[in-house]
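J.: One structure coming up, written as structure tokens, with questions to follow.
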Amino acid sequence: MRSTVAVLLAMLLLTTACSNVLSDDPTFTPPPRTTVTEDGAADAPTATPEPINTPQANHAQATTTPTEATETDPTATATSEATADATATQGDSATDAQQALLEQIEVEVVELRELELLNDINEAVITRAEFQGDLEETFAEDYSREQAALDAVWYWLLRLTDDPNLDLFQLQLDLLGEQVVGYYDSITKELVLITDNEELSAGDKVTMAHEIVHALQDQHFDLTALDEAAPDGDHSMALTAVIEGDATLSMSDYLIDYLSVEEQLEFLSESLTPGATDVFDNAPLYVSTGLTFPYETGMTFIQTLYDQGGWAAVDAAFQDPPTSSEQIIHPELYTGGERDEPLEVDLPDLSTTLGSGWVLTFGDSFGEWEIDVMLETNSVDNPAASVGWGGAWFDLYQNGDQAVVALGTRWDSDGDAAEFAAALEVSFEELTPEGEGWTDGERYMTMIELTDAVILVSGSDRAVVEAAAATLVAEGI
């Protein structure tokens with residue numbers, strides 16, 4: 001049933017653009033873990049921020065879990081629950097011809113994915129103009145400009161971007177407008193296809209197959225409950241990879257098994273002649289990889305499970321999901337006799353060390369995929385440097401317009417930690433050595449090696465970074 005051709009066609013679809021972008025139910029965003037505005041509204045906050053109660057999963061790509069689609073543009077992406085609710089109600093219901101075709105696709109996907117349809121799926125077809133109509137307002141209900149500004153700061157301090165004032169809100173909004181071609185909302189139970197075609201194209205049919213899989217997942221495994229149970233960003237990314245990997249692999253099977261040769265060629269032609277993807281193509285690597293990871297790496301993970309035990313093995317992954325992106329990247333760490341579970345990283349509270357006015361404003365896990373991107377963004381293309389990841393967590397502190405972030409990483413062995421430390425040091429080569437660290441004139445950073453742990457401290461002021469580092473050396477993680 002499965003073929004290399006199907007996988008390759010799926011990859012053509014996904015490598016142009018995909019999505020963990022913005023969906024706050026798990027059918028996502030990103031986050032996508034996974035996560036600005038006009039007139040500089042997303043500038044780094046200058047007032048003393050309010051403290052957070054629990055520094056937990058909230059990256060753009062991690063507080064958002066994709067819910068959705070594939071495409072005709074060749075891109076698959078997710079949208080937020082609020083967006084789904086608002087946009088789906090704008091459009092007219094499908095025409096009689098469209099509805100008959102959607103029902104046929106349902107029957108075929110149920111047969112292919114071997115999951116019984118427990119309830120009718122509420123399907124809608126809307127135009128792109130209808131989708132974009134209230135997109136900004138509804139998107140803001142899930143991802144605020146304030147959170148986008150906060151994210152921009154730690155992205156910058158961890159050298160995932162070069163701009164502390166990057167307008168992440170607008171970037172994510174533009175990605176949605178450019179990339180989304182369909183979605184499934186696990187709250188309203190509505191499936192929406194976005195197309196301007198009266199007669200559904202091959203891409204539209206494949207999108208529907210992808211989204212119907214999400215509806216079946218939700219009916220059998222309760223995607224909202226799964227999402228709520230994910231305690232942090234990397235857990236959320238792993239769950240998203242299961243959800244999207246399943247739908248993407250199923251989609252590729254649908255393409256081969258149920259579309260005619262002519263339709264397959266039509267789909268291939270659409271994939272090879274993509275529409276405008278300028279926003280995606282020019283997005284920071286951290287943002288674009290956060291979108292594609294659940295589809296590309298997630299599909300490989302699900303393929304591994306399927307090869308070992310068919311759809312029953314895939315179903316079992318929903319009942320006992322992987323807990324880290326490391327397990328998605330290295331399926332043997334999930335399927336082996338004893339799973340390689342994330343190690344706890346306990347960063348000390350630095351508020352007292354940093355002094356009056358400093359507040360912990362955000363924190364989250366930092367997965368293996370993020371370590372890879374951080375290194376690659378800074379000219380170190382060495383995936384081996386992240387192998388042996390044991391666990392990682394970062395905390396962001398702010399005081400007016402000053403900020404400092406501490407990223408603590410633990411490794412499976414002293415050797416793994418040393419390899420990561422060496423790669424991280426290579427990533428500093430284009431910076432200027434200063435004291436015990438490095439600077440680019442705006443950020444100062446230092447690295448701490450503690451046997452099987454490595455800590456990165458980065459901030460806008462050298463004295464603050466050095467004070468934080470001293471406490472971390474003394475207390476460890």
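Every number in this text was worked out from the coordinates using simple rules, so none of it is lab data. Values in this document were obtained by computation on a predicted structure and should not be read as measured data. Cβ placement follows ideal geometry from the backbone for every residue including glycine, while neighbour counts extend to all protein chains displayed.
J.: Would you mind calculating the relative contact order of the stretch 356-436 from Cα pairs under 8 angstrom and at least 6 residues apart, reporting the percent as a whole number?
T.: Working: 106 pairs, mean separation 25.4, N = 81.
Once normalised by length, the contact order is 31 percent.
J.: On alpha carbon coordinates alone, what is the Rg over Rh value for the stretch 227-291, Rh being the Kirkwood radius? List each step's numbers first, then the result.
T.: On the way: Rg = 16.0 Å, Rh = 14.6 Å.
Rg/Rh: 1.10.
J.: Now for a separate question. Need one number: nm distance between label points at residue 442 and residue 319, each 7 Å from Cα along Cα→Cβ, rounded to one decimal.
T.: Label at residue 442, label at residue 319, 5.1 nm between them.
J.: Pull out the extension gain between residue 144 and residue 229, defined as 0.36 nm times the separation in residues minus the alpha carbon to alpha carbon distance; nm, one decimal. Each step should come with its number before you reach the end.
T.: Details: separation 85, 0.36 × 85 = 30.60 nm, distance 2.25 nm.
Length gained, residue 144 through residue 229: 28.3 nm.
J.: Also: Please identify the chymotrypsin sites (Phe, Trp or Tyr not before Pro) of the stretch 229-294 that satisfy two criteria: DSSP loop assignment and at most 14 other Cβ atoms within 10 Å. Which are they?
T.: Answer by residue number: there is no such site.
J.: Further, regarding this structure: When the convex hull of the Cα atoms of the stretch 351-475 is projected onto a plane and the area is averaged over all directions, what value comes out in nm²? List each step's numbers first, then the result.
T.: Details: hull surface 28.7 nm².
Over all viewing directions, the stretch 351-475 projects a mean Cα-hull area of 7.2 nm².
J.: Calculate the length of the line joining the C-alpha centroid of the stretch 325-346 to that of the stretch 146-183, in whole Å.
T.: One Cα centre to the other: 28 Å.
J.: Once you have the Cα-Cα distance between residue 434 and residue 118, take 0.36 nm times their residue separation minus that, and quote the gain in nm to one decimal. Could the numbers behind the result be given before it?
T.: Values: separation 316, 0.36 × 316 = 113.76 nm, distance 6.30 nm.
Contour length minus the Cα-Cα distance gives 107.5 nm.
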